[in-house]
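The values are calculated or read from the model by the stated rules, or taken from the named source; none is laboratory data. Computed from a prediction, not measured in an experiment: that's the story for all the values here. For neighbour counting, all protein chains shown are included, and Cβ atoms are generated from backbone atoms with ideal geometry for every residue, glycine included. When the accessible area is computed, the model is the full protein with side chains, heavy atoms only, and any ligands, DNA or RNA have been set aside. Shrake-Rupley method; radii C 1.70, N 1.55, O 1.52, S 1.80 Å.
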Amino acid sequence: MTGKPNQFILSQTLLELAKEDERVIALVCDSRFSAHLAEFAAVLPRQFIEVGIAEQNVVGIAAGLATCGKIPFVFTPAPFLSMRSAEQIKIDVAYSQTNVKLVGISGGVSYGALGTTHHSLQDLAVMRAIPGLPVVVPSDNRETALLVRELKEHRGPVYLRTGRGPVPDVHEAGFVPKLGKGCLLLPGIDLAIVVCGELVRAALDAGIFLHERGISARVVEIHTIKPLDEELILEAARETKAILTVEEHSVYGGLGSAVAELLVQNRLSIPMRILGIPDEPAIVGSQLEVFRYYGLTLEGIVAEALKLLGVDITDIKTDIKVKGA
Amino acid sequence: MTDQERAALTDRARRIRGHIIKMLAAAGSGHPGGSLSAVEILTFLYFRRMRYDPKNPQWPDRDRFVLSKGHAAPVLYATLAEAGFFPVETLTTLRRFGSILQGHPDMKKTPGVEMSTGSLGQGLSAANGMALAGKLDKKDYRVYVLLGDGEIEEGQIWEAAMTAVHYKLDNLTAFLDYNHLQIDGRIEEVKSNTDPVGRFRSFGWHVLEVDGHDFAALERAVDEAQATKGKPTMIVAHTVKGKGVSFMENQVGWHGTAPKPEEAQKALAELGLA
């Protein structure tokens, strides 16, 4: 399992689950192709509901289905699902605790070239503020497949964000994620890089790069933004000298904010930096171009880590360029 | 419907109106106008038509009722109490701290409430989901939903109206409580929200118009809805906001104002319940 888009893996996994359990229903808003659900629709037409371009309506329909014992998965682009349907999610899903799985596809800057209308850089902030709604952002194919299996069995709502492009592997065979539990990917004592989603590989590579140069970077993946694995993050803050968070999201309200809130309220005052998309309409380009522009790359993460630690970056920076990160 | 059956429903509706007045007076706030206008619709559904078991509110084969205009919670609570979902004495805890009866219905708190509502425009979508599930499971339960005439100014209603037609949800029957008033004034003054009959018909619904306070007319309409195959039915119920209490009838000011004790007494006297 490697190198495919997470949303492709999610839909493939869901098709397997739906064949075994007819309670599983996939709902789309004219989004079956971008959600990789055309095969699902062809193989299991009775478990597939096309709602058309109506993101508010689809959430309510899913909630109604859930009250009748179905396990609905709603697939529509994250920018629309998280913002246009925010109120339906708040009332029909989270407050009512209906067993609806909300899948924000093409999240973050997956649709980087399409402009702000199609960027979802506030979804984690909005969803995280809604009581009773777990928020999940998987990193690689293995984790996506396993989390979807867990979420199908988990009784209750969830918001899960996937991306559109292929992603590199992060986890080894045998790895099993657990909802609400982070993953220590690399031990270290100088600083901790806390990261989610499709930037996990870059952060892990940055951590390895730093280790090779004598800086002991810890890398912690948080696939469940809410409920947050507080122990793992507090431990990282107690056992290292600085925290760098990295996310494909606004610097407001996402993973970095969640970590900062936790640290401050536990009297942990250590140097911290939230690396993400600044408070502006994001630059337009491919996902990778946007990442490069905002330093959401191995090079950018290393530079921020060194800055946090007060290490002179000049020599190392040249080195990175040579390595062609 | 025999005269005796109609008289029993009329008496039930009168008791429900009495509960509404008493609970709103006790709470000191709430929505009498749009609760009173829908009394016959709920009375007919719960005491003449719907299949349910108050001892087992989650019975999978039950008929469902969604109060999309959630601010009319008092009429739903009063009806559910009369139907035996919880004691009538609970009604006067409306809006009190810790009560199961909050200002807008919460399906997790109140037995018999099928969907949490209060933010207008959302109930028809949920009802679509319930009707779709009924079709998928080949169950014969029916889904009813009550919309407000101000509420259908919300865009989501029309998204849901299209879906109900697309999926031929003939197990879904909607009522429009067409009392012509919303908070800011007459519907026509607030928005050119005219001709709901023509609009739902143009969306592909089977549309009927009835006097929403006439049990026999409601029965004929619901029978016709049940007999109509391949499309959902909208029953546009012509109603009077504040119906049954002379000084509240057709008064926009009674949309969201509770009666004071002396006004409640006067209302109950009119209803023959003082």
Per the filter on region B:137-153, residues closer than 18 Å to B:A38 by Cβ and facing chain A (nearest Cβ under 9 Å) are B:V143
Going through region B:67-97 in order, the residues found to be farther than 17 Å from B:S29 by Cβ, open to solvent by 10 Å² or more (accessible area, probe 1.4 Å) and of a type outside the set (A, V, I, L, M, F, W, C) are B:E82, B:G84, B:P87, B:E89, B:T90
Taking region A:189-202 and the residues there that are more than 13 Å from the chain's Cα centre (by Cα) and open to solvent by less than 10 Å² (accessible area, probe 1.4 Å), the one that is nearest to A:G276 (Cα to Cα) would be A:I193
If we ask which residues in region A:203-236 are assigned to a strand (DSSP E or B) and touching a residue at least 40 places away in the same chain (Cβ under 8 Å), their number turns out to be 5
How many residues of region B:204-225 are open to solvent by less than 30 Å² (accessible area, probe 1.4 Å) and free of Cβ contacts under 8 Å to residues at least 24 places away in the same chain? The answer is 2
Residue pairs qualifying under the 7 Å Cβ cut-off, at least six apart or on distinct chains, with the first in region A:150-174 being farther than 15 Å from A:P138 by Cβ and the second being of a type in the set (V, I, T) and in a loop (DSSP other than H, G, I, E, B), are A:P157/A:T98; A:P157/A:V100
Checked B:D184, B:D149 against criteria (touching a helix residue (DSSP H, G or I) at 6+ places or on another chain (Cβ under 6 Å) and farther than 24 Å from B:F44 by Cβ); the one match is B:D184
Exercise for the section: Determine, yes or no, whether B:L76 is assigned to a strand (DSSP E or B), in contact with a Leu (Cβ under 7 Å, 6 or more places away or on another chain), within 20 Å of B:G33 (Cβ to Cβ) and away from chain A (no Cβ under 13 Å). Expected result: no
* Asked: Does at least one position in region B:241-251 carry a residue that is open to solvent by 30 Å² or more (accessible area, probe 1.4 Å) and not in a loop (DSSP other than H, G, I, E, B)?
  -> no
Among the residues that make up region A:38-54, is at least one of them facing another protein chain (nearest Cβ under 10 Å), open to solvent by 10 Å² or more (accessible area, probe 1.4 Å) and on the phi > 0 side of the Ramachandran plot?
yes
With criteria (1) exposed (fewer than 14 other Cβ atoms within 10 Å of the Cβ); (2) at pLDDT below 95, A:V264 comes up short on (2)
Taking first residues from region A:1-24 that are basic (K, R) and second residues anywhere that are open to solvent by 90 Å² or more (accessible area, probe 1.4 Å), the pairs with Cβ under 9 Å that are 6 or more apart or on different chains are A:K4/A:P166
Matching residues in region B:98-113 (of a type in the set (D, E, K, R) and either away from every other protein chain (no Cβ under 12 Å) or open to solvent by 60 Å² or more (accessible area, probe 1.4 Å) (or both)) number 2
Residues of region A:107-124 being assigned to a helix (DSSP H, G or I) and surrounded by fewer than 20 Cβ atoms within 10 Å (Cβ to Cβ), in sequence order, are A:A113, A:L114, A:T116, A:T117, A:H118
Filtering region A:71-92 down to residues that are under 24 Å from A:I9 (Cβ atoms) and either more than 10 Å from chain B (Cβ to nearest Cβ) or surrounded by fewer than 24 Cβ atoms within 10 Å (Cβ to Cβ) (or both) yields A:I71, A:F73, A:V74, A:F75, A:T76, A:P77, A:A78, A:P79, A:F80, A:L81, A:S82, A:I89
Counted residues in region A:125-153 being within 19 Å of A:Q97 (Cβ to Cβ) and open to solvent by less than 10 Å² (accessible area, probe 1.4 Å) come to 5
By residue number, the members of region B:183-203 that are open to solvent by 20 Å² or more (accessible area, probe 1.4 Å) and not in a helix (DSSP H, G or I) are B:I183, B:D184, B:R186, B:K191, B:S192, B:T194, B:D195, B:F203
The lone condition A:C29 fails out of (1) within 14 Å of chain B (Cβ to nearest Cβ); (2) under 16 Å from A:L151 (Cα atoms); (3) buried (at least 18 other Cβ atoms within 10 Å of the Cβ) is (2)
Checked region B:145-175 for anything open to solvent by less than 10 Å² (accessible area, probe 1.4 Å), closer than 16 Å to B:S202 by Cβ, touching a Ser or Thr at 6+ places or on another chain (Cβ under 9 Å) and not in a strand (DSSP E or B); matches are B:I157, B:A160, B:T163
Would you be able to say whether some residue in region A:174-185 is crowded, with 21+ Cβ neighbours inside 10 Å, in contact with a strand residue (DSSP E or B) (Cβ under 7 Å, 6 or more places away or on another chain) and assigned to a helix (DSSP H, G or I)? no
Per the filter on region A:222-244, residues over 22 Å from A:V158 (Cβ atoms) and either within 13 Å of the chain's Cα centre (by Cα) or open to solvent by less than 20 Å² (accessible area, probe 1.4 Å) (or both) are A:L234, A:A236, A:A237, A:T240, A:A242, A:I243, A:L244
message: Any residue that is in a helix (DSSP H, G or I) and either charged (D, E, K, R) or in contact (Cβ under 8 Å) with a residue 40 or more places away in the chain (or both) - is there at least one of those in region A:259-268?
response: yes
Checked against (1) touching a residue at least 12 places away in the same chain (Cβ under 8 Å); (2) open to solvent by 10 Å² or more (accessible area, probe 1.4 Å); (3) within 14 Å of A:D190 (Cβ to Cβ); (4) not acidic (D, E), A:V251 satisfies every condition except (3)
